[in-house]
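The values are calculated or read from the model by the stated rules, or taken from the named source; none is laboratory data. Keep in mind the model is a prediction, meaning the values are calculated, not measured. Cβ sites come from the backbone with ideal geometry, for glycine too, and all protein chains shown count toward neighbours. Surface areas here come from the heavy atoms of the whole protein model, side chains and all, with no ligands, DNA or RNA. Shrake-Rupley method; radii C 1.70, N 1.55, O 1.52, S 1.80 Å.
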Amino acid sequence: MARRGPVVLRAVVIAYLVLLVAWPVSLVFTGAFANGLAPVLDTFRDPLVLNALRLTAIAAGWAVVLNTVFGVGVALLLVRRTFPGRRLLAALVDLPLAVSPVVVGLAIALVYGARSGWLGVPLANVGLDIIYSTPGIVLATTFIALPLVIREIIPVLEEVGTEQEQAARSLGAGPWTTFRRITLPAIRWGLVYGVVLCLARAVGEFGAVKVVSGNLIGRTQTATLTVEELYMNFDREGAFAVAATLASVSIIAIAIVGLLRARTERRTS
Amino acid sequence: MSIEIRDVTKTFGSFTALDDVSVAIRPGSLTALLGPSGGGKSTLLRIIAGLETADSGVVTIDGADATRLPPQKRGVGFVFQHYAAFPHMSVARNVAFGLEIRKRPREEVRARVDELLRLVHLEQFGDRMPSQLSGGQRQRMALARALAVEPSVLLLDEPFGALDAKVRKELRDWLRRLHDEVHVTTVFVTHDQEEALEVADEIVVISQGRVEQTGSPDALYDRPANPFVMSFLGPVTQLGGRLVRPHDIEVLGIEVRDAVAGVVADIQRVGNEARVRVGVGGAPPVAVVLTRAELRALGARVGDTVWLRLAAGAATLPVDDAAVAPSGPTLPAVAGGEGGRALAGASSPRG
Ligand SMILES: Nc1ncnc2c1ncn2[C@@H]1O[C@H](COP(=O)(O)OP(=O)(O)OP(=O)(O)O)[C@@H](O)[C@H]1O
Ligand SMILES: [Mg+2]
């Protein structure tokens, strides 16, 4: 009897995860190969699809780099410093999670639009287009994924406290060495998780990108936009194939984190 | 190396943590910063280390102005209460940290780390991770790590505070011996008066951001500057309007000149100690500590009349209620009028 409770709970949790996550995602993979390998290969020979994947990779890559660098900086600022407006900044960091991506896209278009945007007009005058071009997509993707690294690191920074850093300083380490040798190792798992989440989020971004990219096929169409387009045009294998590629990126990333983590845990214990 | 702190003030917002503090620390000495919780001991230590900056005042280390120097340029070793071990490095790497920062040759680093691990009796533990050490071992590792860079000054913030009584005692003796061996100017923070009296050459009593008294353990004990210092260093009671230590009172079975008559209210025996509470009409009961043998010789029981007088050479101070340690261990014995209970609580002020 005593074991009944945990067994039921486990069954419920498993059913929930299977129905909501595992089964639908697996259908994407089986859907891609519904008519064998040939249509999938065809999809990946399509230059428009390749272009979209490349654009997604570029946008996600920039989003990860920018959000990692600034994320660590902002997290350190929020945790290790007190300054006026600190709470406001902390609230601002959460904004991208709370606001619909479409709103984010519109907001960016308003500021950076080449015809009437506050910053867009002067930038257009020096020949730099943001909206309907790659910089706009990078901007929107970065914006959307901005809180993820910060939110992963902040609790870790709070948890480890400042004593180790102060000990390093008193042992002769400058600020940069202290960051590299003490702070960074302390936050590394939070950072890796943040980066993985950021990558997954950036790769999958749809709404904001749709607004700022203009969805110009072959030029500003990202992978998620391509999935929608293929699906609308009844190219189900194509849509599933690209979707499965996107899903794979996330699954692989999470798997790598799991493996790395298991290995270091074994090493340190 | 000598340390001099002149007129240092430090505020946190509207709160004054240090109020115009001046302390001089002799080269090669082992100095204790002693005082109640929240008194500003850690703040002062952190200002010496450069981990905190003073609002005003000057810190000189070895004669050179260090007020604006960042911590890494002060030549100061700092040991934290909770060790601040680097959890991702082995014990040996922890100890080597400061030397690696200084880019010393690998052979030299290895030799020095071995030597230090021997010094702190951790020679077999070099390859372990800090999480695999006990609290006392971690604290010794932290000490070795601080000593590795040959600091001119060693600062320890409640180094043994987080350890149990026995380990604490061991490490305390060991620190004393280590200091006799290494001779580095050492300042440690404690709120345990016994620790300070036992280990230090020099004690600085700090309370509410001010220095109450500075001096050798004997000087502080025999000539406390004020009731606060006296009551912080051990239990006190009142006799004839003066503050005095319970063991500095003689209990006599016969009347003599200048003795105060009283009635034994209760007797409590703890180990070799007999704590006697004597009611003296009007004033709060007087707490007296005798040895068991003294009590036997006296033969007094509850209800008997006895005569109390100060022992020759006893340290006394006029009673000044306002100045007695506000969070000091013995306030109730002095002012509370519950002598017996207060003394029982007072004789081990910090467990
Ligand atoms: N960073 C800070 N911000 C605000 N107040 C602080 C800060 N650091 C210390 N204080 C305050 O300054 C006072 C002195 O603190 P400090 O840590 O120096 O006390 P302490 O004598 O070391 O006490 P303890 O024995 O409890 O460690 C305390 O009232 C504390 O609340
Ligand atoms: Mg303290």
List the lysines whose Cα sits under 19 Å from the Cα of B:Lys103, skipping any in the same chain fewer than 8 residues away.
B:Lys73
Within straight cross-link reach of B:Lys41, meaning Cα distance under 16 Å, which lysines are found once same-chain residues fewer than 8 apart are removed?
B:Lys10
Mind checking B:146-156 for the average number of partner chain beta-carbons within 10 Å of each residue's beta-carbon?
1
Expressed as a whole number, the average count of other chain Cβ atoms within 10 Å around the Cβ atoms of B:74-81 is 3
Descending accessible area (1.4 Å probe), largest on the left, turns B:Val319, B:Val288 into B:Val319, B:Val288
Quick check: the angle from helix B:91-101's long axis to the longest principal axis of chain B, C-alpha only, nearest 10 degrees?
60 degrees
Run a plain Debye calculation on the protein assembly as shown (Cα atoms as equal point scatterers, no solvent) and give log10 I(q)/I(0) at q = 0.05, 0.09, 0.10, 0.12 Å⁻¹, rounded to two decimals, same order as the q list.
-0.40, -0.90, -0.99, -1.17
Point-to-point label distance, A:Leu41-A:Arg10, nm (Cα→Cβ direction, 7 Å offset):
4.4 nm
Which is the longest part of chain A that has none of the trypsin sites (Lys or Arg not before Pro) sitting in a DSSP loop with at most 11 other Cβ atoms within 10 Å?
A:116-269
What is the mean number of Cβ atoms from other protein chains located within 10 Å of the Cβ atom of each residue in peptide B:66-73, rounded to a whole number?
3
Find the percent of Cα-Cα distances in region B:152-240 that exceed 21 Å, and round it to a whole number.
35 percent
Using a basic spin-label model with each label point 7 Å from the Cα along Cα→Cβ, how many nm lie between A:Leu19 and B:Ala293?
8.4 nm
The relative contact order of chain B, taking Cα pairs under 8 Å that sit 6 or more residues apart, comes to a percentage of 17 percent
Area projected by the alpha carbon convex hull of region B:3-222, averaged over all directions, nm²:
12.1 nm²
Cα-projected label distance for A:Leu89 with B:Phe12, points at 7 Å along beta-carbon direction, nm
2.1 nm
Would you work out if chain A is rounded, prolate or oblate? Take a ≥ b ≥ c from the square roots of the eigenvalues of the alpha-carbon gyration tensor; rounded if a/c is under 1.5, else prolate when a/b is larger than b/c, oblate otherwise.
oblate
I'd like the Karplus ³J(HN,Hα) series for region A:22-39: coefficients 6.51, -1.76, 1.60, θ = phi - 60°, whole numbers in Hz, and an x wherever there's a Gly or Pro.
5, 5, x, 5, 5, 5, 4, 5, 5, x, 4, 9, 4, 10, x, 7, 4, x
Given a Förster distance of 22 Å, the FRET efficiency implied by the Cβ-Cβ spacing of B:Arg177 and B:Asn272, rounded to the nearest 0.05, works out to 0.20
B/A buried area, accessible surface, summed, 1.4 Å probe, Å²:
1800 Å²
Multiply the residue gap between B:Ala165 and B:Thr60 by 0.36 nm, knock off their C-alpha separation, and tell me the result in nm, one decimal place.
34.3 nm
